[in-house]
């Protein structure tokens, strides 16, 4: 992507975040997005098929940067600190985009729901930790491993959705304390111990 494209994407990204903060992204048209960003309608389609898809892409990009910063090449002895660090950073990201996530995770979000995007992100983060042997999970096969990743991912999303119902300022440390109490004892940062390193754990 050249400098001109990066500048256009940055303008579109800032615009869709602003529009999604003002009202449901499902009601934002391509024409409205293009006009607000000062670009042609066809330019929008160069970056995303719809305003909702662009919003997901912008949020996913921020989340992916946090994963790269905290979780890549983590040693098992550092896994707990890395997990707590990235969870804290994700909570701040969600709080920064407070209105967007409250709409996107709500039961009436419909096709503009952000749940699947957030779940995929969390599952990918867990898979990264497993693939690089930063942690192991008590799984007997790949299906169980994927089920554990999905269970943890969707569970934390549900907790975040409830956390967002609290008025600002939200207490990140209190939420992290809650997460430590409700996650399995073998999960890094929970205060418990890792499960034995079996062949099925982090293959």
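The values are calculated or read from the model by the stated rules, or taken from the named source; none is laboratory data. Here the structure is a predicted model, which means the values were calculated and not measured. Glycine also receives a Cβ, built like all others from the backbone with ideal geometry; neighbour counts cover every protein chain displayed.
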Can you pull out every residue in the stretch 1-18 that is without any contact (Cβ under 8 Å) to a residue 40 or more places away in the chain and surrounded by 16 or more Cβ atoms within 10 Å (Cβ to Cβ)? 8, 9, 15
Residue check: is residue 126 assigned to a helix (DSSP H, G or I), under 21 Å from residue 188 (Cβ atoms) and either touching a helix residue (DSSP H, G or I) at 6+ places or on another chain (Cβ under 6 Å) or without any contact (Cβ under 8 Å) to a residue 24 or more places away in the chain (or both)? yes
Only residues in the stretch 19-30 that are free of Cβ contacts under 8 Å to residues at least 40 places away in the same chain count as the first member; pair them with residues that are surrounded by fewer than 16 Cβ atoms within 10 Å (Cβ to Cβ), Cβ under 8 angstrom, at least 6 apart or cross-chain, and list the lot. 19/32; 30/41; 30/45
Name, by its number, the condition in (1) surrounded by fewer than 18 Cβ atoms within 10 Å (Cβ to Cβ); (2) closer than 24 Å to residue 181 by Cα; (3) at pLDDT below 95 that does not hold for residue 152. (1)
Could you list, in sequence order, the residues of the stretch 66-96 that are crowded, with 19+ Cβ neighbours inside 10 Å and outside any helix (DSSP H, G or I)? 71, 74
